[in-house]
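The values are calculated or read from the model by the stated rules, or taken from the named source; none is laboratory data. Just so it is clear, the model here is predicted, and its values are computed rather than measured. With ideal geometry, Cβ positions are generated from the backbone for all residues, glycine too; neighbour counts draw on all protein chains shown.
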Amino acid sequence: MLAAFTALNPFHLAWGGPATAVLVGVTIALITAAAAVVPRRRANRVFTALLGVVLLAGWCAIAIVGLRFSGPQRDLTVVEGGAYRLVVVEGHAFADIAYSVHLRRGSGPLAQDTLVWQGLAEGSPPTLVRFHGDPATDRQVEVVAGPGCGYRSTFDSLTLGVDPVHRPLRLDGC
């Protein structure tokens, strides 16, 4: 159940990705160990154990590749709004640089991080990020990217869920 909770990540906890990878791997190992004891015949036990080992190895490969392709990220600018922060992040999409805007709250193990706007590879960073009104009551964020392309989203104060998450489809327009 803990692996399913981290996979859903309803509270947008910042450590959700790596925790999901580890907990799903542990779940596969535990289910394999439990299922390998059930069959009466030794051949069926060995087959079940080997199947579990193959599934676990496959999951580890997928998790490692997934975590590696997320690449290094660097915070460029931070806009404070009470307990909330809007952060422009420079990341890597394969060989290209891509910019995104994240809404964050808190620190430590309960830190929350959710995507607000995702730019395209080779695009430029947004020209303006700000809270629209009072973050505690209005719960709105605004991202201005490109020539006059303004994106406004609302967020939930408990889960930090953003609606809508903006992902432009072209570099030359909104």
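A few notes on this one:
- Of the residues in the stretch 5-19, not one is surrounded by 15 or more Cβ atoms within 10 Å (Cβ to Cβ), among the aliphatic types (A, V, I, L, M) and modelled with pLDDT of 85 or more.
- Only one of the listed residues (157, 153) is over 18 Å from residue 75 (Cα atoms) and surrounded by 19 or more Cβ atoms within 10 Å (Cβ to Cβ). That residue is 153.
- Exclusive hit being touching a Lys or Arg at 6+ places or on another chain (Cβ under 7 Å), in contact (Cβ under 8 Å) with a residue 24 or more places away in the chain and not charged (D, E, K, R), set 155, 131: 155
- Scanning the stretch 89-129 for residues that are assigned to a strand (DSSP E or B) and surrounded by fewer than 14 Cβ atoms within 10 Å (Cβ to Cβ) yields a total of 2.
- All positions within the stretch 38-58 that are over 21 Å from residue 21 (Cα atoms), of a type outside the set (A, V, I, L, M) and either touching a residue at least 12 places away in the same chain (Cβ under 8 Å) or not in a helix (DSSP H, G or I) (or both): 39, 40, 41, 48
- Some residue of the stretch 50-64 being touching a strand residue (DSSP E or B) at 6+ places or on another chain (Cβ under 8 Å), surrounded by fewer than 14 Cβ atoms within 10 Å (Cβ to Cβ) and modelled with pLDDT of 85 or more: no
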